[in-house]
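Here the structure is laid out as structure tokens; the discussion comes afterwards.
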Amino acid sequence: MPTIPRPGGDPLDEIRKLKQRVAELERRSNTQLITKDANGSTLVAPDRITGRGLARPYIPTPMIPAFLPDWPGTQQPEFSGKWVQSIYHQHPRIVIAVYAGSETPGTGGEIRVLIGGRIVSQPAPVTATGDSIYQANALLFGPALWPGEHMTPTTVEIQVRRTTGTGWVRLWPAVWGTEA
């Protein structure tokens, strides 16, 4: 059978060239989003070391006093707000972790969470006794859907009350937004 001349030469060379073009296009399309400000400073960038998560912005992680008697608390039998913050709705869900306890044996209490002025949790018991964070209860609320529209401020409030004993019921929360 006679050889049919093809434009571009040898078919195997053409296949190699196509593979190279496809590989180059794949490399170009696999770009990662990097956001810069007007001065060229990087604001948002992916983690190129591990390939997971963010490299920037640096997200602050607050520290917690280890000595429980330094924490705010109450001796009141009614729920009262001890922590409140207005947080902009940026994530679809919210998670709240609360460390809680009492340094006085026999003292217990309850914690509840309000978002946007509405109670969103059943009261959670506080039963831990000791003077260190390592002896405190770690209570988790969520993840729950974050109410309101994107970029609108929403008030998050943590309330506590004493239910037994004579000491203080103390707490220290951490709040963050999550994707899921």
Regression test value, accessible area per residue of the chain, probe 1.4 Å, units Å², expected 68 Å²
Accessible area of the range 31-95 belonging to carbon and sulfur atoms, whole % at 1.4 Å probe = 56 percent
Loop sites in the range 37-102: trypsin sites (Lys or Arg not before Pro), DSSP, at most 15 other Cβ within 10 Å | ARG48, ARG52
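Quantify, in whole percent, the carbon and sulfur part of the accessible surface of the range 102-179 (1.4 Å probe; protein heavy atoms only).
Here carbon and sulfur together make up 54 percent of the probe-accessible area.
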Between LEU25 and THR163, what is the label-to-label distance in nm when each label sits 7 Å out along the Cα-to-Cβ direction?
-> 6.4 nm
Provide the FRET efficiency to the nearest 0.05 for the TYR134-VAL44 pair, computing r from the beta carbons and using R0 = 30 Å.
-> 0.25
ALA97 to GLU14: extension gain in nm, 0.36 nm per residue of separation minus the Cα-Cα distance?
-> 23.9 nm
Probe 1.4 Å, all protein chains in place: accessible area of ILE15 in Å², nearest 10?
-> 90 Å²
In nm, the gap between the two label points placed 7 Å beyond Cα toward Cβ at ARG56 and LEU145 is 3.6 nm
Phi angles of the range 151-163, converted by Karplus (6.51 cos²θ - 1.76 cosθ + 1.60, θ = phi - 60°) into ³J(HN,Hα) in whole Hz with x for Gly and Pro, give 6, 9, x, 10, 7, 10, 10, 10, 10, 9, 8, 8, 10
Leaving out ligands, DNA and RNA but keeping every protein chain, what accessible area does THR50 have, in Å² rounded to the nearest 10, with a 1.4 Å probe?
-> 70 Å²
Divide by every residue of the chain the summed helix terms, -39500 (n - 2.57) for each DSSP H run of at least 4, and state the resulting mean residue ellipticity at 222 nm, rounded to the nearest 500 deg cm²/dmol.
-> -3500 deg cm²/dmol
Say we join alpha carbon atoms closer than 10 Å with springs in a Gaussian network model of the chain; which of TYR88, TYR134, TYR58 then has the biggest fluctuation?
-> TYR58
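The values are calculated or read from the model by the stated rules, or taken from the named source; none is laboratory data. Bear in mind that the values here come from a model prediction, so they are computed numbers and not experimental data. We place every Cβ from the backbone using ideal geometry, glycine too, and count neighbours over all the protein chains shown. When the accessible area is computed, the model is the full protein with side chains, heavy atoms only, and any ligands, DNA or RNA have been set aside. Shrake-Rupley method; radii C 1.70, N 1.55, O 1.52, S 1.80 Å.
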